[in-house]
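What follows is calculated from the coordinates using simple rules that are stated; it is not laboratory data. Note that the structure is predicted; figures quoted are calculated from it, not measured. Every residue, glycine among them, receives a Cβ derived from its backbone with ideal geometry; neighbour counts consider all protein chains shown.
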């Protein structure tokens, strides 16, 4: 007669080992579940593409409602995309039967590169693992989304130089505008120079009559009369004497 041990635990009805053949359909925007390599690339691309319309909407809002609402909207969109990318990383590590805490290694230079390569190229666990059943086979949309990643990377690489030039030109134009505005403000702040008063031409004052110049007296040397020539007088006297003698 078989007696059952009263202290024996209940019989285990399921095995702790994951069953093979049990699959599930992953979703793009989810915080749990496993995803394979192609789904990781496709979903990552979808998360990046979601930022594009958010950036466009933020630009329109910035032109209409100001800079602050645009910055808030863009910040919320980038934050949501970042959370989704982190969730994708955790799901990919779970597919590799690894803990999602390994994503903290992304903060270490060079280690983050090795971890990214591991997540992009390492095959997931066949069948179920400690983090759930195996994902279903990849569909056509997964392949298309995975192909968009290299195309998007090449497009961004080719567009980056022209975008830098455009940003530099925009910065220069903005700086020139600011300098012009500052110059106008400084010109308005300076006191205006008083325009020279147009004075009527002054009439030339009549020249004062100059005092007649006193003619300087000519200090001419006094003319001294020459002394009479005695010889001539004597000769004249002799002539007169002779004439008087003959007259007699």
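Label points 7 Å out from Cα along the Cβ direction at residue 38 and residue 72: separation in nm? Using points 7 Å along Cα→Cβ, the separation is 4.3 nm.
For a test of the definition: using alpha carbon positions, the gyration tensor, and the 1.5 limit on a/c, classify segment 23-180 as rounded, prolate or oblate. Prolate, since a/c reaches 1.5 and a/b exceeds b/c. Under the rule a/c < 1.5 gives rounded, and otherwise a/b versus b/c splits prolate from oblate, where does segment 63-124 land using the Cα gyration tensor? Prolate shape, in that a/c is at least 1.5 and a/b is the bigger ratio.
Report note on the peptides 89-99, 133-143: ranked by the mean count of other C-beta atoms within 10 Å, highest first, their order is 89-99, 133-143.
Placing dummy labels 7 Å off each Cα toward the beta-carbon, the span from residue 188 to residue 111 is 5.8 nm. With a cut-off of 8 Å between alpha carbons and a minimum separation of six or more residues, what is the relative contact order of segment 23-180 in percent? 35 percent. Placing pseudo-labels 7 Å out from each Cα toward the beta carbon at residue 159 and residue 101 gives an inter-label distance of 4.0 nm.
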